[in-house]
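The values are calculated or read from the model by the stated rules, or taken from the named source; none is laboratory data. Quantities reported herein were computed from a predicted structural model and do not represent experimental measurements. Note that each Cβ is placed from the backbone with ideal geometry, even for glycine, and that neighbours are counted across all protein chains shown. We work out accessible area using only protein heavy atoms, side chains counted, and drop any ligands, DNA or RNA first. Shrake-Rupley method; radii C 1.70, N 1.55, O 1.52, S 1.80 Å.
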Amino acid sequence: MKTSRLLVLALVWSFWSCQDENLLPESPVEVVPETFIPELSSSLQVGDFPQPERNPLSKEGVKLGKRLFFDPKLSANGKISCASCHLPSKAFTDGVALSKKGVSGNALHRHSSPLFNLAWHTTGLFWDGGANDLESLNFGPLTHPDEMAADLEEIVAYLIQDKTYPELFAQAFPKDPIQSATISRALSQYTRTLISQTSKYDDWKRGEATLSSLEMQGYQLYQNHCSSCHQEGLFTDLDYHNNGLDLTYPDPPALEGLFLGRFRISFDSLDLGAYKTPSLRNVTLTAPYMHDGRFESLEEVLDHYQSGIQVNYSLAPQLKEGINLSPDERKALLSFLKTLQDDAFVLSHIQDSEK
């Protein structure tokens, strides 16, 4: 196990020092535990903050991206913002299985994912990895008819005519005009700085807290039964697995393959029904669970892994025997998962959802 040395990410957190206290959190965190860097990201050096060369972080870019994230005027009806389905109080998810908050009022086909620690997601975004990076991801919800249904040209026109946006864009991207690319780059800069790293678990790893005997028992159970996919650190392996939710899949593919999992992207039969492993960080705040939100509680999730797994061709091998826990073991595991809830992260962003 790694040591609890601290990594200073001064570059990232210096962006929070803007004087506009209404836009930025008041108490930023200044360190990241070494175990936060996932083992699988061998290309990253300890202390690195992943960001594309074409869109380096800046204080001005983050500030602009945050304003755009909470602006409902980017949507076709002027009522839906990115934050409508990504609430800070719920670790940037929305608390419903399949949202109907979009412009059309139609239910989405996938559950809204939480937004944190995305800078380290190097294997694709969305449940099936359909977007390579944040810069490309943003155009999906912005333009989808069941989400924000925006016309990009109309968004640009709105931003140009606004009283404050032109100056903000000029500060963030002095060499570029207001255009769809700079809109997405600003949004990406903001979401990359949503870093959850101040849970009780993190304090424990830094030697600043202790886990109870029940939490320690739960930690051992997590290591024995969950860590192969929910790797410690980010608490995801950033990979795609079929966890036995369904026995069969639409044939021929329906809804553009949205119910086929990673297969929609890879066309590999072993990826049928495989979805990206969600992080266990803040899992107590991000119900309901799975790509379609079919389970309302963590107890239902444990029920599935104990007796509900559908054995099919592409099922993840480690789940063929299920995960059998006694009632006391369940209690211990849930107690440990609670230590991954990052109240400081949530509280520092709640103010944004109330504007």
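Given a 1.4 angstrom probe, I'd like the percentage of the accessible area of the range 108-219 that is carbon and sulfur, rounded to a whole number.
Values: 2450 of 4570 Å².
C and S atoms contribute 54 percent here.
Classify the range 262-335 as rounded, prolate or oblate from the Cα gyration tensor: take a ≥ b ≥ c as the square roots of its eigenvalues, call it rounded if a/c is under 1.5, otherwise prolate when a/b beats b/c and oblate if not. Oblate is the answer for the range 262-335, as a/c is 1.5 or above yet b/c matches or exceeds a/b. Working note: Karplus 6.51/-1.76/1.60 with θ = phi - 60° gives the range 95-108 the couplings x, 10, 5, 10, 5, 10, 7, x, 4, 6, x, 7, 5, 6 Hz, where Gly and Pro are set to x. Based on protein heavy atoms only, the range 58-109 ends up with 38 Å² per residue of surface accessible to a 1.4 Å probe.
Here the Kirkwood formula, the inverse mean of 1/r across different C-alpha pairs, assigns the range 82-174 a hydrodynamic radius of 14.9 Å.
Give me the percent of accessible area attributable to carbon and sulfur for the range 260-308, probe 1.4 angstrom. Solvent-exposed carbon and sulfur of the range 260-308 make up 54 percent of the total.
Averaging sequence separations of C-alpha pairs under 8 Å and six or more residues apart, then dividing by the length of the range 49-185, give the relative contact order as a whole percent.
Values: 186 pairs, mean separation 32.7, N = 137.
Once divided by the residue count of the range 49-185, the mean separation gives 24 percent.
So, R0 is 30 Å and r is the distance between the beta-carbons of ASP151 and ALA107; what FRET efficiency does that work out to, to 0.05? Intermediate values should be presented prior to the final figure.
Working: r = 23 Å, r/R0 = 0.76.
That pair, ASP151 with ALA107, gives E of 0.85.
By definition, a body whose alpha carbon gyration tensor gives a ≥ b ≥ c is oblate when a/c is 1.5 or more and a/b is not larger than b/c, and the range 143-298 fits this oblate description.
Sparsely packed loop sites in the range 199-233 (the GluC sites (Glu not before Pro) outside DSSP H, G, I, E and B with at most 12 other Cβ atoms within 10 Å) comprise GLU208.
Find out how many positive minus negative residues lie around ASP268, taking Lys and Arg as positive, Asp and Glu as negative, among other residues whose Cβ is under 14 Å from that of ASP268.
Details: positive: ARG262, ARG264; negative: ASP128, ASP239, ASP271.
Cβ neighbours under 14 Å give a net charge of -1.
Would you kindly state how much longer the chain becomes between SER297 and GLU53 on full extension, computed as 0.36 nm times their sequence separation minus their alpha carbon distance, in nm to one decimal? Mind dumping the intermediate values first?
Working: separation 244, 0.36 × 244 = 87.84 nm, distance 4.03 nm.
Contour length minus Cα-Cα distance gives 83.8 nm.
Pairwise Cα distances in the range 198-289 exceed 18 Å for 57 percent of all pairs.
Cross-linked pairs LYS175/LYS276; LYS101/LYS276; LYS79/LYS200; LYS276/LYS338; LYS63/LYS205; LYS63/LYS276: Cα-Cα separations exceed 27 Å for LYS175/LYS276; LYS79/LYS200; LYS63/LYS205; LYS63/LYS276. With the whole protein complex present, TYR275 retains an accessible surface near 20 Å², based on a 1.4 Å probe. Extending 7 Å from the Cα toward the beta-carbon at both GLU321 and SER213 defines two label points whose distance is 2.8 nm. Near GLN318, within a Cβ-to-Cβ distance under 15 Å, what is the net charge of the other residues, with Lys and Arg +1 and Asp and Glu -1? So the environment of GLN318 carries a net charge of -2.
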